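What follows is a short report on a single structure.
Only the coordinates and a few stated rules stand behind these numbers; no lab work does. Model, not experiment: these values are computed from the prediction. Using ideal geometry, Cβ is built from the backbone for each residue, glycine included, and neighbour counts are taken over all protein chains shown.
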């Protein structure tokens, strides 16, 4: 007997494929570049979504050390002169967070920024 349409096993396979595709797309990592230069972060406002993986690419364009510190998320990343560091994490909770350079005198000189995590 011939049936019109897809066989049952093919329908199940298609549904599984679409489900896997949706899961893969939902967990795509976003890369955010933050540059440190002349005692400031060139991107001082950063936005992301809770539950979504994020890679921060931290670029120190100065010949001296900086750091990227975000206390609430436990990020304390030293940056040697002219160094680039990447860190990947998943922000779990929505909120507004302050990041800063923990090198002596740099926060006071204005090397701070804001990270907003949307629900």
With a point put 7 Å past each Cα toward its Cβ, work out how far residue 61 is from residue 96 in nm, to one decimal. 2.7 nm
Taking the reciprocal of mean 1/r across every pair of different Cα atoms in region 22-83, the Kirkwood radius in Å is 12.9 Å
